[in-house]
Amino acid sequence: MGPELPVAPGAQRNLGPDELFRRLATSIADGTYAPGAKLSDKAIADDLGVTRTPVREAVQRLARAGLMEVHANRYSMVTDITDERSRITREFAASQGGEIIREAALALSDSDLVIACDLIQQAIESVESGEGWIEAHVELFEFLTDRALNDLYRLMLSDFWYLVFRDLYLGAPRVDTRESLEELESAMRARSANAGVKAVQRMLRFK
């Protein structure tokens, strides 16, 4: 994502619903909107320079993804991260992520394998630079989810990866994330499902 351009007072950005959701989800996942923060639709709209209507739609989607709680006619709150929540997220993500990698390692076409490896390299570069790492990780796992053989993964997990990296990485990639990504790339190139599962489960364990 490029640098944010300032919004003149009274001006409004023309953000589509998906882009608005992704901006808000990224801001929650990287800690810009901290766990427990209370936000009104107006505050979000003013912050991003958009109208309230698409904000309401995005907040509902964020709530379905587990990133916000909606208190009708009052405010919305960024969900908190507790030890129990982190445990549940880790167990679910490691299980589902492992199955997605197991299927993707075998199902990817040669051209999709090239794309997947490019996305892994982008994720590695984002970890090293410290910029855009949430977006890079989500894009990678969304791509692999979309290419898995089971369509239910895409339906269930399309927005879930923001929650995973928010809950388990707590605002910054861990020091061994690069090694995990390199292991994942090697596994995908070798089409080794077991090695891919091992790499992903290493990525998604507790910090």
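The values are calculated or read from the model by the stated rules, or taken from the named source; none is laboratory data. The structure presented is a predicted model; accordingly, all values stated were derived computationally and were not measured. What goes into the accessible areas is simple: the full protein's heavy atoms, side chains included, and nothing from ligands, DNA or RNA. Shrake-Rupley method; radii C 1.70, N 1.55, O 1.52, S 1.80 Å.
Quick look at the numbers
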| read-out | value |
| --- | --- |
| Wholly enclosed helices (runs of 4 or more DSSP H) of region 152-207 bearing at least 2 residues over 30 Å from Ala63 (Cα atoms) and open to solvent by less than 10 Å² (accessible area, probe 1.4 Å) | 177-190 |
| Evaluation of Glu131 against (1) part of a helix (DSSP H, G or I); (2) open to solvent by 30 Å² or more (accessible area, probe 1.4 Å) (one fails), failing number | (1) |
